[in-house]
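Let me begin by presenting the structure, written as structure tokens, before commenting on it.
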Amino acid sequence: MSGDRRLIWTIAITQLAGWGCLFTPFQLLIAPMEAEFGWSRAEVSLAFTIGLLVSGLAAIPAGRWVDRHGGRGAIAWGGLAGALLLLAWSGIGHLLALYALWVAMGVVHAFALWGSAMAVMVSAAREPVRAITAVTFITGFTGTVFVPLIAAAIEALGWRGALLLLAAIQAAQTPIALWGLRGVGPGGREAPAARPLGPLLRRPAFLGLALCLSAHSFIGVGLGAHLVLLLREKGLAEPWVITLVALHGPLQVAARAGLYALGGRAPILAVGLFACALLPAGLAWLWLSPPIAWWLLGFVLCWAVADGLLTIVRAAAPVELLGKAGYGAVTGALSASAVLPRALAPAALALVWQMAGGYAWVPPLLAVIGLVALVAFAWAASDGGAREA
């Protein structure tokens, strides 16, 4: 395997394993930990929130480290640190220890997962946008692979045994990263250079992109937490609720596959504007649609395509707008700007639900936030592209 093909498969495998082992398990382990320790759901869930906040705070220093040293070590050794944390989690017995563990896990997320992986793709791939699209196509199946695997492992081995299995899987990605990313980074092909971050943070391109991606994060995490309940409240039958929610993944992957097929014929800023336009359109559809499943397919299509494409835009647009130099720090700053919207979205929408006595005001609120994302991305795109390659 040579060129971008080896790079794509290495990043795809390490990210599939990383998200599957270090991120996905938490939602499936809440109930077993509640049952064993008697902790409340809020107490257990706080650990995950802590991890998200720490990951956002660590994103900028992690990005600077990747700019200086390359992403190979961050992905390989950060991933191994994640495997050791999974081992420690399997022996956890105190709530404070769980919180401390997830502080460390947040740092691992910042170094080993998306930011470092995309920095490698931008610096080393011959066709970065196409390579990033290919990676997201593969990693789009993370939940499909790991949710049933983790559930089966918990059933067969208990939650502690399941974590031991995940630790072994996670540790296996280290030699894959070291082999597949050899020669990438400082001294490798087109390693991104560090540059001062301050001037970039004042650019309309950065500010607009940060606002757009923060709005998208709020919508995505909020829908992830409340969509099932919202559709039930609309009066849909349970099989249709599950079907509509489940369609998000395949449609998201299909959108990425379509972008991959278009290759260089689809400018990334045009893709971003199209995806951002779908956000308020889809959410308005959800708001105005009658409680008929076939009607709601339009919302699912708009939301899934927008979500799938914006994952790629998040990685590729900073290069188009701000240049390759300092990519790790720039994307780290973008991640940091989105951490509070991500962390607060479920609670904020729950508060709206409580104050309104139902979900009636949630779709229009999200549609307005989607419109903000569209205007913000258009503002970023109007900055005139990268001034520094």
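The values are calculated or read from the model by the stated rules, or taken from the named source; none is laboratory data. Here the structure is a predicted model, which is why all the values come from computation and not from measurement. Please note: Cβ atoms are built from the backbone with ideal geometry, for glycine as well, and neighbour counts cover all protein chains shown.
If we scan the range 165-179, do we find a residue that is among the aliphatic types (A, V, I, L, M), assigned to a helix (DSSP H, G or I) and under 17 Å from residue 308 (Cβ atoms)? Scanning the range 165-179, I find no residue that is among the aliphatic types (A, V, I, L, M), assigned to a helix (DSSP H, G or I) and under 17 Å from residue 308 (Cβ atoms), so the answer is no. Selection of first residues in the range 325-353 that are closer than 20 Å to residue 58 by Cα and in the same structural domain as residue 314 (by TED's automatic domain parsing) and of second residues that are among the acidic types (Asp, Glu) and crowded, with 21+ Cβ neighbours inside 10 Å, restricted to Cβ pairs under 8 Å at least 6 apart or on distinct chains, gives the following pairs, ordered by first then second residue: 326/67; 327/67; 328/67; 329/67. On the stretch given as the range 6-31, residues that are touching a residue at least 60 places away in the same chain (Cβ under 8 Å) and over 30 Å from residue 117 (Cβ atoms) total 0.
Let's see how each residue does on (1) more than 19 Å from the chain's Cα centre (by Cα); (2) at negative phi; (3) among the polar types (S, T, N, Q); (4) outside any helix (DSSP H, G or I):
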residue: 16; (1), (2), (3), (4): no, yes, no, no
residue: 49; (1), (2), (3), (4): no, yes, yes, no
residue: 52; (1), (2), (3), (4): no, yes, no, no
residue: 55; (1), (2), (3), (4): no, yes, yes, no
residue: 96; (1), (2), (3), (4): yes, yes, no, no
residue: 107; (1), (2), (3), (4): no, yes, no, no
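Across the range 124-151, the qualifying residues are those that are farther than 15 Å from residue 5 by Cα and more than 17 Å from the chain's Cα centre (by Cα), and the one among them that is surrounded by the most Cβ atoms within 10 Å (Cβ to Cβ) is 150. Selection of the range 18-47 for residues being β-branched (Val, Ile, Thr) and within 21 Å of the chain's Cα centre (by Cα) yields 24, 30. In summary, residue 92 fulfils each of the numbered conditions (1) closer than 30 Å to residue 128 by Cα; (2) not in a helix (DSSP H, G or I) with the single exception of condition (1). For the range 259-303, the set of residues classified as among the basic types (Lys, Arg) and touching a helix residue (DSSP H, G or I) at 6+ places or on another chain (Cβ under 9 Å) is empty.
One line per residue, one yes/no per condition, for (1) out of contact with any helix residue (DSSP H, G or I) (no Cβ under 9 Å at 6 or more places or on another chain); (2) farther than 21 Å from residue 228 by Cβ:
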site	(1), (2)
324	no, yes
329	no, yes
352	no, no
357	yes, no
366	no, no
380	no, yes
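Scoring residue 290 on the criteria (1) buried (at least 19 other Cβ atoms within 10 Å of the Cβ); (2) over 22 Å from residue 319 (Cβ atoms) leaves a single failure, condition (1).
Residues being under 18 Å from residue 366 (Cα atoms), modelled with pLDDT of 90 or more, in the same structural domain as residue 337 (by TED's automatic domain parsing) and among the hydrophobic types (A, V, I, L, M, F, W, C) are represented in the range 223-245 by at least one member. Per this entry, residue 55 is not counted among residues that are modelled with pLDDT under 85 and either within 22 Å of residue 338 (Cα to Cα) or among the polar types (S, T, N, Q) (or both). The set of residues from the range 98-121 being surrounded by 24 or more Cβ atoms within 10 Å (Cβ to Cβ), of a type in the set (Val, Ile, Thr) and farther than 14 Å from residue 64 by Cα comprises just one member, 108.
Residues of the range 309-330 that are in contact with a Gly (Cβ under 7 Å, 6 or more places away or on another chain) and at pLDDT below 85: 328, 329. Selection of helices (runs of 4 or more DSSP H) fully inside the range 194-269 by the criterion of at least 2 residues being more than 21 Å from residue 302 (Cβ to Cβ) returns 198-201, 204-234, 238-246. Counting only residues that are part of a helix (DSSP H, G or I) and among the basic types (Lys, Arg), the range 124-138 holds 1 of them.
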